[in-house]
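Worksheet: one structure, shown below.
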Number of protein chains: 2
Amino acid sequence: MPLGSGRPATFFPAGSEIYAQGDLCASLYQVEFGAVRIYRLLSDGRRQISAFHLAGEMFGFEADKNHHFFAEAICSTGIRILSPSASHVVAELLPMALQSLVRAQEQLLVLGRQNAVERVAAFFLEMSERQGGLRQVELPMSRLDIADYLGLTIETVSRVFSKLKSKGVIRLPSLRNVEIVKLQTLQDMAA
Amino acid sequence: MPLGSGRPATFFPAGSEIYAQGDLCASLYQVEFGAVRIYRLLSDGRRQISAFHLAGEMFGFEADKNHHFFAEAICSTGIRILSPSASHVVAELLPMALQSLVRAQEQLLVLGRQNAVERVAAFFLEMSERQGGLRQVELPMSRLDIADYLGLTIETVSRVFSKLKSKGVIRLPSLRNVEIVKLQTLQDMAA
DNA sequence: CGTATCTTTGAGGGTAATCAAAAAGGGTGG
DNA sequence: CCACCCTTTTTGATTACCCTCAAAGATACG
């Protein structure tokens, strides 16, 4: 049984804020359906998305009393808000924190040492894995979100998509759906 | 009283391995003196250092049973090895994990969205802060380590050092010592 | 003092960013 | 259902930043 099932979920329309940088950390959150982006901003507006959260995943715990990040619904999203003091939540804190840490560290390697093609390939594989390892991958986020997650520009992301498509590595049945055609090639590309 | 004080420390010479990727996670580690680098490798040898650990800091906890990273002593280093089951260690796990998460997420912003000058400036400020906020900062690591931490090449790191020096923002009393002369300028540069 | 390693500096090239515009998609109202 | 508009995405041309390759200079160590 998933954490907090039975509690009501709150609905967030696409683009709406779940919490902002500076807000008090009052709760934990679990995605019921939809998707969430976690990000920071530089003073000149540059944005780095540090994580996406998909259905079933939890987020919202931070080291400080106040949030250092923004959280927004990417699309229509249902969120369960959990009291952080509930014992069954407390028990999950450490595993969740470690999971987030692994993801962040994985992302450090991508941002620090991989080129554009490798970043996009790694992104497709990550999204596929998190959606059950299927070849049909849904991308709830825009190209701009993907760019800000991968440390690239939207144009570069688009160009790499086109390149992988023309090479027959992926297909794009629609803007927000990717089909992985040559899995092995994609894995090789991710280095 | 620091964690595990009274237990003997193990000595690691410069460059020696503390644990390797794939090793079982058997312990937690606390730096007594010296410094440690935590890193991953890509198959072609590209290296990303995800963290440095200085005196007093702990490391070695991971989400999996096996280490996903390498840990090496940067210079002559003393390490206390702690049993992860000791109650006073267990109590520290969550705060430590969250602290590591914050650092990793901070680094994501640097690697994803900042240019070479901003990265180096942020690095100096981070090292200064972690050494008590002094203007005299010691760099136990080589230029190559710094480059692999900041996602740059050694040449670019060296050029930025020279540029900041020529602008009078920093002084370099020796290779491994930096003096922050114009703190405000450095902070502005870090964006 | 000599050698090996690390760091700095220089020249040139490549990848991704920027600037710009066309194309595609999505939503609304007629 | 279709036409229109606005937003997102794609594609193209050019620029800029950082990487690569190369060599000189500095530092550490035996």
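Bear in mind that the values in this text are calculations on the coordinates, not laboratory data. Predicted model, so just to flag it, every value in this text is computed and none were measured. For neighbour counting, all protein chains shown are included, and Cβ atoms are generated from backbone atoms with ideal geometry for every residue, glycine included.
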Worksheet item: Taking the Cβ of A:ILE74 as the center, what net charge do the other residues with Cβ under 10 Å away carry, scoring Lys and Arg +1 and Asp and Glu -1?
Response: -1
Worksheet item: What is the distance, in nm, between label points placed 7 Å from the Cα along the Cα-to-Cβ direction at A:SER16 and at B:LEU42?
Response: 4.1 nm
Worksheet item: If you place +1 on the Cβ of every Lys and Arg and -1 on the Cβ of every Asp and Glu, how big does the dipole about the Cα centre of segment B:114-189 come out, in debye to the nearest 20?
Response: 320 debye
Response to the item:
For the B:GLN99, A:SER142 Cβ pair and Förster radius 41 Å, calculated FRET efficiency rounded to 0.05 is 0.80
Worksheet item: Using a simple charge model, +1 on the beta-carbon of Lys and Arg, -1 on the beta-carbon of Asp and Glu, nothing else, what dipole does the protein assembly as shown show about its Cα centre, in debye to the nearest 20?
Response: 980 debye
Response to the item:
With +1 at each Lys and Arg Cβ and -1 at each Asp and Glu Cβ, the charge dipole magnitude of chain A around its Cα centre, to the nearest 20 debye, comes out at 620 debye
Worksheet item: So for the protein assembly as shown, taking the charge dipole from beta-carbon charges (+1 Lys/Arg, -1 Asp/Glu), which of B:ALA55, B:TYR19, A:MET189 sits furthest toward the positive end?
Response: A:MET189
Worksheet item: What percent do you get for the relative contact order of chain A when only Cα pairs under 8 Å and 6+ apart count?
Response: 21 percent
Fill in: Karplus-derived 3J(HN,Hα), 6.51/-1.76/1.60, for each residue of segment B:129-139, Hz, glycine and proline x
4, 6, 10, x, x, 6, 7, 8, 10, 9, 10
Discussion item. Taking the number of other C-beta atoms within 10 Å as the exposure measure, put A:HIS53, B:HIS88, A:HIS67 in order starting with the fewest.
Written reply: B:HIS88, A:HIS67, A:HIS53
Worksheet entry | segment A:94-108 - phi-based ³J(HN,Hα) in whole Hz, Karplus 6.51/-1.76/1.60, Gly and Pro as x | 5, x, 5, 4, 5, 4, 4, 5, 4, 4, 5, 5, 4, 5, 4
Worksheet item: Which far-off residues, 5 or more places away or on another chain, put their amide H under 5 Å from the one on B:ALA35, with H placed in the peptide plane?
Response: B:ILE74, B:CYS75
Fill in: Unit charges at the beta carbon, dipole of segment A:112-189: most positive-side option, A:ALA147, A:SER128, A:PRO173
A:PRO173
Worksheet item: Which whole-Hz couplings ³J(HN,Hα) result when phi for each residue of segment B:26-37 is put into the Karplus expression 6.51 cos²θ - 1.76 cosθ + 1.60, θ = phi - 60°, listed in order with x for Gly and Pro?
Response: 9, 8, 10, 10, 10, 6, 7, 7, x, 7, 10, 10
Worksheet, complete the sentence: Under 19 Å by backbone N from the virtual spin label 7 Å along Cα-to-Cβ at B:GLN131, the residues of segment B:16-59 are B:31-38, B:51-58
Practice prompt. Select from A:LEU82, A:SER43, B:THR156 the residue farthest towards the positive end of the dipole of the protein assembly as shown; place +1 on Cβ of Lys and Arg, -1 on Cβ of Asp and Glu, and compute about the Cα centre.
Written response: B:THR156
